[in-house]
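To start, the structure under review is shown below, and the notes come after it.
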Amino acid sequence: MKILVVFFAVTILSGCIGNTVPTQNSTLVQAGLWKTENYRTPGDNTGVLIINRDAGYRGSSCIPLISLNREQIAPLNIGEKLVLHVTGGRHLLRAHPNRNCAASPVETFVEIKAGQATNYRFGFQDRTMVFTPVAY
């Protein structure tokens, strides 16, 4: 019996091992979860910043709050994406973990070009939250 319990425990926990994987069909973060009215619509000199949240068990209880230039945007759950209309230039992108998450905040600078889309993946590598630029 003990061997069976250990076998099932190892099998279940093995799903938590490894990095997250890109999602194929992300859904948009619900409009009601946004904490700002900014970045929702295109404007003069704006480009699009798309942030896709990876899938997988790693970090599944962590729902980070995404911010841009220290302004809170929205929480980003597994399989969701944020589409932000951002003025051209250099911006600070940050993810701050919720209290269910033992990870530290992560931030990076993103360069936005007017009229172009910039894509990032958000996921976990080991126990670390990461933003990864993606070329589509």
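The values are calculated or read from the model by the stated rules, or taken from the named source; none is laboratory data. Everything quoted here is computed from the prediction, not taken from an experiment. A quick note on method: Cβ atoms are made from the backbone with ideal geometry, for glycine too, and the neighbour counts reach across all protein chains shown.
Quick notes
- Per the listing ILE73, ILE50, the residue uniquely in a strand (DSSP E or B), modelled with pLDDT of 95 or more, surrounded by fewer than 20 Cβ atoms within 10 Å (Cβ to Cβ) and of a type outside the set (Asp, Glu) is ILE50.
- GLY115 falls short on exactly one of the conditions (1) loosely packed, with under 14 Cβ neighbours inside 10 Å; (2) without any contact (Cβ under 8 Å) to a residue 60 or more places away in the chain, and that condition is (2).
- Being under 22 Å from THR27 (Cα atoms) and either within 14 Å of the chain's Cα centre (by Cα) or not in a strand (DSSP E or B) (or both) is a property that ASN100 lacks.
- PRO133 vs. criteria in contact with a helix residue (DSSP H, G or I) (Cβ under 8 Å, 6 or more places away or on another chain) and of a type outside the set (Lys, Arg): no
- Boolean, VAL130 is of a type in the set (A, V, I, L, M), assigned to a strand (DSSP E or B) and surrounded by fewer than 18 Cβ atoms within 10 Å (Cβ to Cβ): no
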